[in-house]
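Report on the structure given below.
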Amino acid sequence: MTRIQSDLKEAGASPPTRVRYGVLAFAASLSMVTYLDRVCISSGQSAIIHDLGLQSEADLKWVFALFALAYSLFEVPSGWLGDVLGPRKVLIRIVLWWSFFTALTGVIGMRVGGVMLGGLVTLAVVRFLFGMGEAGAYPNITRALHNWFPLHERGLAQGTVWMSARLMGGLTPLVWTLLVEGIPQHDSVSGEIVGWHLAPMLHWRATFWLFGALGIFWCVLFALWFRNRPEEKSSVNAAEMSLIRSSAAESEAGHARVPWLKLAKSGNLWALCIMYFCQAYGWYFYITYLPRFLEEQYGVARTSLLGAVYKGGPLWMGAIGCLVGGFVTDRLVRKIGRRLGRKSIGVFGHAACIVCFLLCPFMPSALTFFLAISFAGFFADLTMGSSWAVCQDIGRRYAAIVAGCMNMIGNFGGFVATAMSGWVLQLALTAHADGLNASVEQLDVAQKTAGLMTGYQINFLVFAAVYVIGVICWLRIDASRPVAGDDK
């Protein structure tokens, strides 16, 4: 119980209402829709590779990378709009935009009257536009939580939002399997499919259309219920208003007069942004190449429920890490102060990631690899509540802009990682083909798998090295030092 709640109880006043948890519910559900639409393309990449006539997952590197690039470029503008216009209008625009391009993804490669509607280049452009739409979702969620939650609840609120995201990301391969692949029944002797425990319900294209419609449905509910600030919501009583405004010096609304020069000169902000670059660099593997890696390198079946769990492992475990990390950082802030309470979680989480990624190249089975990569996801996401709470701590009235800066650089890290990882895979595949005096097109499935494995092993070692830089950045982040000084 907080001091304000204790004072109200002693005075016999009505207890605070809990409207802010409705805000958190909308933020968490949006976070889930965001990851459903973001991750589904990695679950469907085998079908996309087949339908578009591609050679391997390395051909999709620009499809994955251009999403991350667009997401990165439009983070700050969308965050700025949230500070100026309020998160309500901006979030509605964001979700409608990305839902349209989610649905449009399902059209790419269709044949109408013998004509194919786009190919690999079209898919890359659509995913760029999809990333442009998704940009700003989390900065504006951060702005909404800043408006609606007191300081001592921010870490847990951010942890809940990111837990929801990772949980849905982990569930997406399972949802995809149930909707698109189905659960076949195999003959006990030949192993051939003789029937279905659960028949496929949708073509992969229709699944993208369904997910797009889900975002539009969320927009309708959100527009009817949500308001930018608690003062605009009649169901918020005086006690909850007092509780929310207990961090009065940090509660001012954002505005258009942003001290860009101060932000650009802030070493604290740069440390935060570079740290998040490192965070995203290894993490993007989970939502791009991981499903295909498990299928090709460890023989995980596309129709396997256990395989779906393996593919979502880092995100399942990341969901737990987000919630635990958000809870722990709030406890530490109360016990040892804001600076160490945020920093200690970050240093520990990124240091543990280094160990996990160093183990990944040496895992002999799908199960052991699943454990190593899943714990990498857990330890990385242990820092998420702290990372996004720092945006509020040092951003104050510019919370959405600071969050936008962090997420912009972070997702630029995702762009670099996705492009570089695909480039390393392509080089390894080409080198393997050269060693066999053949072209990549002449390699059989086993030969392609062997060539790609060398590339994956190199990538895991690079991920570990990048997290070393993340630890150094966390050591320099000071959550008690606002980026704009005492500006109010």
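Some points to look at:
- Subset of region 274-291 (residues that are touching a Leu at 6+ places or on another chain (Cβ under 9 Å) and among the hydroxyl-bearing types (S, T, Y)): Y286, T288, Y289
- Filter result (farther than 24 Å from F412 by Cα, modelled with pLDDT of 80 or more and hydrophobic (A, V, I, L, M, F, W, C)) within region 145-164: L145, W148, F149, A157
- Within region 441-488, the set of residues being within 14 Å of N268 (Cα to Cα), polar (S, T, N, Q) and not in a loop (DSSP other than H, G, I, E, B) is empty.
- Candidates A223, A239, A264, A280 - the one that is closer than 30 Å to F375 by Cβ, among the aliphatic types (A, V, I, L, M) and either surrounded by fewer than 24 Cβ atoms within 10 Å (Cβ to Cβ) or within 20 Å of the chain's Cα centre (by Cα) (or both): A280
- If you go through region 391-440 and pick out every residue that is hydrophobic (A, V, I, L, M, F, W, C) and outside any helix (DSSP H, G or I), you end up with 2.
Per-residue answers, yes or no, for (1) over 30 Å from P150 (Cα atoms); (2) under 24 Å from the mean Cα position of the chain (by Cα); (3) among the charged types (D, E, K, R):
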| site | (1), (2), (3) |
| --- | --- |
| A399 | no, yes, no |
| G404 | no, yes, no |
| G410 | no, yes, no |
| G414 | yes, yes, no |
| V424 | yes, yes, no |
| L427 | yes, no, no |
| G451 | yes, no, no |
| T454 | yes, no, no |
| V466 | yes, yes, no |
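- Pairs, first over 19 Å from N140 (Cα atoms) in region 246-268, second modelled with pLDDT of 85 or more and among the acidic types (D, E), C-beta under 7 Å, six or more apart: N268/D478
- Within region 343-380, if we keep just the residues that are in contact with a Pro (Cβ under 9 Å, 6 or more places away or on another chain) and among the small types (G, A, S), the residue that is surrounded by the fewest Cβ atoms within 10 Å (Cβ to Cβ) turns out to be S374.
- Top-ranked residue of region 161-189 - restricted to ones that are in a loop (DSSP other than H, G, I, E, B) and not aliphatic (A, V, I, L, M), ranked as nearest to the chain's Cα centre (by Cα): G182
- Boolean, A400 is closer than 29 Å to K311 by Cα and either surrounded by 23 or more Cβ atoms within 10 Å (Cβ to Cβ) or among the aromatic types (F, W, Y) (or both): no
- Pairs where the first residue, in region 175-194, is on the phi > 0 side of the Ramachandran plot and the second is small (G, A, S) and assigned to a loop (DSSP other than H, G, I, E, B), C-beta under 8 Å, 6+ apart: G182/A199
- Given (1) in contact with a Leu (Cβ under 6 Å, 6 or more places away or on another chain); (2) modelled with pLDDT of 90 or more, number of the condition G106 does not satisfy: (1)
The values are calculated or read from the model by the stated rules, or taken from the named source; none is laboratory data. Treat the numbers as computed from the prediction; the structure is a model and nothing was measured. Here the Cβ is made from the backbone with ideal geometry for all residues, glycine too, and neighbour counts use every protein chain on show.
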